[in-house]
């Protein structure tokens, strides 16, 4: 069990982490979400006593610095390429194993597990980002820990690698381990995570079940298609439902579930061609929950957000082309 209480970090006048408190339970995968600049990496560093700040994090009642052999209890990777570039992949793990009293046979076990046996004698400086991520996971698993803390472990992995990582983390969680993982891949997180910690601008937005997060920050709609759509829409509006047109020619109904709509249609003799509940996605909920916390907002080139004149793509005099001399 991970218990974080009152985590705070300030860089000058900027508050990076603002009094965060949350729990990460064993036996489930907990996703850590937030826009760029939300403070996710800083939070993880505070949890592992790698950064100065305020607040406490306890792992089964103990702080990280008080655990005698932390690699055997907590496997953490916060940077994809946190290794010496000229030391071979196997020697990198040998060094870590020697300092943490991990048996040598475990080195080849984890290298084989993450699919790097064929390159274990090669230097990681030539590894792709995906291969570096696999080496990082091998490092995290080296001590066979009960807790994993991983920052963006899917970056650089191809689709097969992402699928493999999902299965690995869910399997480890099913063994009773505590898994805390951050990611920007929301579609993948929706398949992987059971619970969420969601922050924005260093502040807590949500901590709990994935389905509860989606319900809290989105609204379920019902797609209705009928030759008597106008009549049905008038009846539903009279009940307080909201009706919006759908791109496919149907109606999107909010405020009435499919069973109620079906009963009304039957009562009024209205033929239905389609009646389907559309549940919002994790991405929809994330955008709704964190929209006000997005720090870096990009705007298109066709016009300014306030409806002003279109932005020019012509390069002003005095600008430099990428890679040119300044």
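Rounded to the nearest 10 degrees, what's the angle between the helix 159-174 long axis and the longest principal axis of the chain, both from Cα atoms, 0 to 90? Roughly 80 degrees, rounded to the nearest 10. Based on the convex hull around the alpha carbon atoms, segment 120-272 presents an average projected area of 14.1 nm². Computed from the Cβ-Cβ distance with R0 of 35 Å, the FRET efficiency linking residue 219 to residue 69 stands at 0.10. What nm value, rounded to one decimal, do you get for the distance between residue 36 and residue 252 when each label is placed 7 Å out toward the C-beta? Taking the simple label geometry, residue 36 and residue 252 are separated by 2.7 nm.
According to the square roots a ≥ b ≥ c of the eigenvalues of the Cα gyration tensor, what is the shape class of segment 15-70, taking rounded for a/c under 1.5, prolate for a/b larger than b/c otherwise, and oblate for the remainder? It is oblate, given that a/c is not under 1.5 and a/b is not larger than b/c. Summarising the label geometry, the points placed 7 Å from Cα in the beta-carbon direction at residue 91 and residue 239 lie 7.2 nm from one another. Specify the angular offset, from 0 to 90 degrees and rounded to the nearest 10, of the alpha carbon long axis of helix 229-238 from the longest principal axis of the alpha carbons in the chain. On a 0 to 90 degree scale, this one is about 80. Between 0 and 90 degrees, the angle of helix 89-100 with respect to the longest Cα principal axis of the chain falls at about 70 degrees.
Scaled to the globular estimate 2.2 N^0.38 Å, the Cα spread of the chain, given as radius of gyration, is 1.26.
Between segment 23-59 and segment 181-214, the alpha-carbon centres lie 13 Å apart. Just the number, please: Stokes-Einstein D of segment 107-157 in µm²/s, Kirkwood Rh from C-alpha pairs, 20 °C, 1.002 mPa s. My calculation gives 190 µm²/s for D. Remark: relative contact order (the chain) = 19 percent; criterion is Cα-Cα distance under 8 angstrom and separation of 6 or more residues.
222 nm [θ] for the chain, helices only, -39500 (n - 2.57) per DSSP H run of 4+, per residue, to 500? Intermediate values should be presented prior to the final figure.
Values: 10 runs with 102 residues, N = 326.
Computed mean residue ellipticity for the chain: -9000 deg cm²/dmol.
Treating r as the C-beta distance of residue 13 and residue 62 and R0 as 41 Å, the FRET efficiency rounds to 0.75.
No lab work stands behind these numbers, since they all come straight from the coordinates. Here the structure is a predicted model, which means the values were calculated and not measured. Please note: Cβ atoms are built from the backbone with ideal geometry, for glycine as well, and neighbour counts cover all protein chains shown.
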